[in-house]
Amino acid sequence: MFTRSLLPAVLLGVSALPTFADAPRVVTDIAPVQGLVARVMAGVGEPDVLVPPGASPHGYSLRPSDARALSSSDAVFWIGDELEPWLADSLSELAAEATIVSLLDAPGTTRLDFREGVVFAQSDHGHDHDHDHGHDHEDDHDHEDGHDHDHAEDEHAHEDHGHDHDDHDHGDHGHDHSGHSHEGLDPHAWLAPQNGKQWLALIAEELAKIDPANAEIYQSNALAGQAEIDELVQSLGAELEQTDGQFVVFHDAYQYFETSFGLKSLGAISLGDASDPSVARVAEIRDAILAADVSCVFSEPQFNPGLVRTVTEGAEVVSVVIDPLGTKIEAGASFYTDLLADTGARFVECLSN
């Protein structure tokens, strides 16, 4: 009798305990986006990432585990098909019920066109598109789901860079996985701190719609993340103002960072990160380095350093490795500011010699 009379009270006590909704299942495309989402979700959950360290986002093939993650996702945050043309169809098929956000298409995002030629024009950093979603490009963007894009495919073959893609290819739905086109919009927009701040607010807003119980946490985390970026920009700006000299990048991936801090790249060794430069391009950039008395040339970790030695032959330059994806940076809520800090440190190192 005692047990039976106690049971309703026990059940009542259990039901009166606060309940916490499961964290939304969030998938991101690349590490910098994962870092931004992780900052917003701190204390609630952790986002997954599709493209692993060392793999190129321009031509990755989804693994079965990636397909499962997309199929069970509540939200997907990605840069857009300017960076990952292979992903759009997979999102529409595997994550049809999820909220899908293309950050490059987000209102307020600073967007720049790729610079043309081996040696860049020094009068500007490309055309800055003011985004309130009033832009008008040749490609027809569907701004509600980020899927409806039509782009010319890169004619250069992409190398796998040593990543072992296991099992079956779940990402091949008719796209040419050879890489992204270096015409039109430059997708490396995460290297603009102002975009990082803009995207933190957007991520918090979208997650709050999915998970209103944690809306205040998302908002608070986004504001804290924005303050961290502001503080870092101030300190980086002071350091970068003390640097001097011309520099050359391996491929045109850094103009968002350059524009944010008033830096000017002379040119790029390679058209993109998916192909080796032609003999004529190597000769032209080598001549430009010598003529402009360039002091700094950036290489990237996945490329043959012998190519940098070739283009800098006869010149007195410092060569520093820089990585726009932060391959060696630990994942987590501080990833994005760590990436910006590391990028700035590389510029200071290379341009202070």
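The values are calculated or read from the model by the stated rules, or taken from the named source; none is laboratory data. These figures come from a predicted structure and were not determined experimentally. Because the Cβ atoms are built from the backbone with ideal geometry, glycine has one as well, and the counts that use them run over all protein chains shown. Keep in mind that these areas ignore ligands, DNA and RNA; they rest on the heavy atoms of the full protein, side chains included. Shrake-Rupley method; radii C 1.70, N 1.55, O 1.52, S 1.80 Å.
Key figures
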quantity: Segment 278-325 - percent of accessible surface contributed by carbon and sulfur, probe 1.4 Å; calculated: 53
quantity: Segment 261-323: C-alpha gyration tensor shape, a/c 1.5 cut-off, then a/b vs b/c; calculated: rounded
quantity: Simple label model, 7 Å out from Cα along Cβ direction - residue 307 to residue 345, nm; calculated: 2.6
quantity: Computed label-point distance, nm, for sites residue 46 and residue 113 using a 7 Å Cα→Cβ extension; calculated: 4.3
quantity: Theoretical gain in end-to-end length, residue 93 to residue 331 [0.36 nm per residue, Cα-Cα removed]; calculated: 82.9 nm
quantity: Difference of contour (0.36 nm per residue) and Cα-Cα distance, residue 68 to residue 23; calculated: 14.5 nm
quantity: Protein accessible area in segment 58-113, 1.4 Å probe - carbon and sulfur %; calculated: 42
quantity: Gyration tensor verdict on segment 210-295 (Cα atoms; rounded if a/c is under 1.5, prolate if a/b is larger than b/c, oblate otherwise); calculated: oblate
quantity: Label point distance in nm, residue 235-residue 321, each placed 7 Å from Cα along Cα→Cβ; calculated: 2.4
quantity: Value of relative contact order over segment 40-97, rounded to a whole percent, pairs C-alpha under 8 Å and six or more apart; calculated: 34
quantity: Accessible area expressed per residue, segment 235-320, with surrounding protein chains retained (probe 1.4 Å, Å²); calculated: 42
